[in-house]
Amino acid sequence: MAQHTEITFEEGWLYIQKGVTKLIKIIEGEPEPPFDAEEYMNLYTTIYKMCSHSPGYSKQLYEKYREVIEDYTIQTVLPSLREKHDEDMLRELVKKWDNHKVLVRWLSRFFLDVDCYLARRGIPRLREVGLTCFHELIHKEREGEQTDKALVKNILDIYVENGMGTMEKYEEDFERFMLQDTASYY
């Protein structure tokens, strides 16, 4: 894949998607050989070429990155948590959180050139994708679209709980961004 100088979005994404699928299998403990240096470099080079040629595909790759994170959460994390109860559910949550961090770390390496593109344009960086998704939920609410208010409340509760019962994590990680977004909106 990486030998071609011109890469269509469809061709490039198909190749990247195979790498992402392999990464998720590895993270989830499924039988899959680890990435070798050539595979890693081919993925990185494919994304680099897709971002750097004209027209660049950075924005489309950013959207696909978001989809990967959302799909992983919906198709892998949530079902595994629903199957567990009590302490087993908490252990599974910790395991899935660790897996999520590994997924984001590896994807951030693959998508480094997308992150550089985002930084130059003021678009939220890849590490902020989860928070951005939550912001979109609030925006939909403002626009009159139906949102799951219980979900919003539960997410806010997680911020408070992560701050050991204080509002510090909520204020640092969420409220500041939400207030900026609200000011821009109105």
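For the stretch 1-123, compute Rh as the Kirkwood radius over C-alpha pairs and then the Stokes-Einstein diffusion coefficient at 10 °C and 1.306 mPa s; write the answer in µm²/s, rounded to an integer.
Details: Rh = 15.5 Å.
D, rounded to a whole number, is 102 µm²/s.
Less than 14 Å Cβ to Cβ from Met89, Lys/Arg counted +1 and Asp/Glu -1: what total charge do the surrounding residues give? Let's see the in-between values first.
Working: positive: Arg82, Lys84, Arg91, Lys95, Lys96; negative: Glu83, Asp86, Glu87, Asp88, Glu92.
Computed value for this residue: 0.
With a Förster radius of 35 Å, plug the Cβ-Cβ distance of Ser52 and Thr21 into 1/(1 + (r/R0)^6) and report the FRET value to the nearest 0.05.
Numbers: r = 25 Å, r/R0 = 0.70.
Working from the Cβ atoms, E equals 0.90.
Multiply the residue gap between Cys116 and Thr8 by 0.36 nm, knock off their C-alpha separation, and tell me the result in nm, one decimal place.
Numbers: separation 108, 0.36 × 108 = 38.88 nm, distance 2.05 nm.
Using 0.36 nm per residue and subtracting the Cα-Cα distance, I get 36.8 nm.
Readers should treat all values here as calculations from the given coordinates under stated rules, not as data from a laboratory. The structure presented is a predicted model; accordingly, all values stated were derived computationally and were not measured. Reconstructed Cβ throughout: ideal geometry from the backbone, glycine too, with neighbour counts over all protein chains shown.
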